[in-house]
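Q: Structure incoming, see below.
What follows draws every value from the coordinates through simple rules; no lab data is involved. All figures in this text were calculated on a predicted structure; none of them were measured in a lab. Note that each Cβ is placed from the backbone with ideal geometry, even for glycine, and that neighbours are counted across all protein chains shown.
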């Protein structure tokens with residue numbers, strides 16, 4: 001009788017343990033909440049969305065499944081930088097665990113809003129000069145990410161443009177004030193002016209603070225008799241790539257961009273790092289932070305590979321014959 005009772009108690013205890021283990025195994029996994037903010041639009045065809053998809057793919061590659069173990073709060077400023085602080089405030093109020101800031105301006109707005117919440121930037125022009133981080137090797141604080149900083153990129157784009165458009169003497173240079181901070185802006189403009197003069201061409205600088213300035217900017221280029229266009233890096237320009245490409249075509253301006261996304265959209269050529277790859281790699285930063293690594297201890301990476309992409313269909317539409325020597329150097333050619 002005693003043995004029977006003991007067996008019954010042991011069986012019941014075992015069943016209870018099994019129930020507890022099963023309940024534990026079936027307990028819902030807490031989903032990490034990530035805030036994602038970009039200064040441009042959220043239109044399906046915009047550069048913002050394609051780069052956002054690259055970031056999401058990076059998360060999936062690391063085992064994150066939206067709705068199960070990760071939630072993403074997406075916010076877009078619709079090309080209006082003044083909206084960034086309010087959008088960042090929304091993400092902070094939602095108590096996200098990490099903010100991914102899709103541009104230097106977005107990262108600066110996030111840093112101003114919080115000194116504790118981790119911030120990751122997939123692309124930033126000069127994170128040290130702009131004040132995002134203390135140094136590339138040891139960022140310090142709550143911000144880290146990937147930098148676009150590389151010497152001579154502005155000059156290299158101008159050089160490639162003059163080679164692709166032989167005989168050009170006046171080139172428009174479109175830039176967004178404040179895109180990377182005042183110090184970096186001045187450096188980029190100076191670099192463009194020096195490089196242009198060295199190439200024997202006259203630069204015509206045109207600014208666009210937001211997408212509403214684009215029509216006026218291209219009208220200014222036409223009045224100045226610019227015969228080609230180079231765009232200085234800007235997150236807004238990537239997000240508004242289709243409109244910029246359309247305007248360049250309308251004004252028959254051969255243009256060189258900072259990323260291949262613009263060439264895929266119909267732009268003539270681009271030279272720079274692979275932006276989609278940078279946004280995918282940003283997911284590894286988020287993963288480390290979610291696993292407990294402090295942002296200030298994660299070094300800022302710099303691009304090591306740059307690609308030249310040429311769209312020959314666009315060249316033909318412009319009545320332009322790009323020299324074979326330039327085409328031979330391209331990493332990818334769209335026919």
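Q: Could you check the spin-label model distance between residue 150 and residue 223? Points 7 Å from the Cα along Cα→Cβ, value in nm.
A: So the label points at residue 150 and residue 223 sit 3.6 nm apart.
Q: Principal axis lengths of the chain from Cα atoms, whole Å, largest first?
A: Here the spans come out as 106, 41, 34 Å, largest first.
Q: Also, I was wondering about something else. Please state, to two decimals, what the Cα-based radius of gyration of the stretch 215-279 comes to when divided by 2.2 N^0.38 Å (N = residues).
A: Here the answer is 1.08, to two decimals.
Q: Given labels modelled 7 Å from the Cα in the Cβ direction, how far is it in nm from residue 97 to residue 170?
A: Modelled inter-label distance: 5.6 nm.
Q: When the chain is treated as a GNM, springs tying every alpha-carbon pair under 10 Å, which of 221, 236, 269 comes out with the largest mean-square fluctuation?
A: Of 221, 236, 269, the most mobile in the Gaussian network model is 221.
Q: If R0 is 45 Å, what FRET efficiency do you get for residue 31 and residue 325 from their C-beta distance, rounded to 0.05?
A: Efficiency at R0 = 45 Å is approximately 0.25.
Q: Sticking with this one: For the chain, modelled as a GNM with alpha-carbon contacts under 10 angstrom, which of 127, 303, 233 fluctuates the most?
A: For the chain, modelled as a Gaussian network with Cα springs under 10 Å, the answer is 303.
Q: Another question, then. In degrees between 0 and 90, to the nearest 10, how far off the longest principal axis of the chain does helix 275-290 point, with axes built from Cα atoms?
A: It works out to around 30 degrees.
Q: I would also like to ask the following. Picking from 316, 258, 78, which is most flexible by a Gaussian network model of the chain using Cα springs under 10 Å?
A: 316
Q: Using Cβ contacts closer than 10 Å as the measure, can you line up 243, 60 from fewest to most?
A: 60, 243
Q: Rounding to the nearest 10 and keeping the result within 0 to 90°, find how far the Cα-based axis of helix 153-164 lies from the longest principal axis of the chain.
A: 50
Q: Using only the Cα atoms, work out Rg/Rh for the stretch 70-205, with Rh taken as the Kirkwood radius, to two decimals.
A: We get a ratio of 1.07 for the stretch 70-205.
Q: With runs of 4+ DSSP H residues as the only contributors, calculate the mean residue ellipticity of the chain at 222 nm using -39,500 (n - 2.57) per run, divided by the residue total and rounded to the nearest 500.
A: One gets -13000 deg cm²/dmol as the mean residue ellipticity at 222 nm.
Q: At 7 Å along the Cα-to-beta-carbon direction for both residue 215 and residue 190, put a label point, then send me their distance in nm to one decimal.
A: 3.7
Q: Multiply the residue separation of residue 246 and residue 306 by 0.36 nm, subtract the distance between their alpha-carbon atoms, and state the gained length in nm to one decimal.
A: Value of the extension gain: 19.1 nm.
Q: For the Cα atoms of the chain, what angle does the longest principal axis make with the long axis of helix 214-223, in degrees from 0 to 90, nearest 10?
A: Long axis of 214-223 versus the principal axis of the chain: about 20 degrees.
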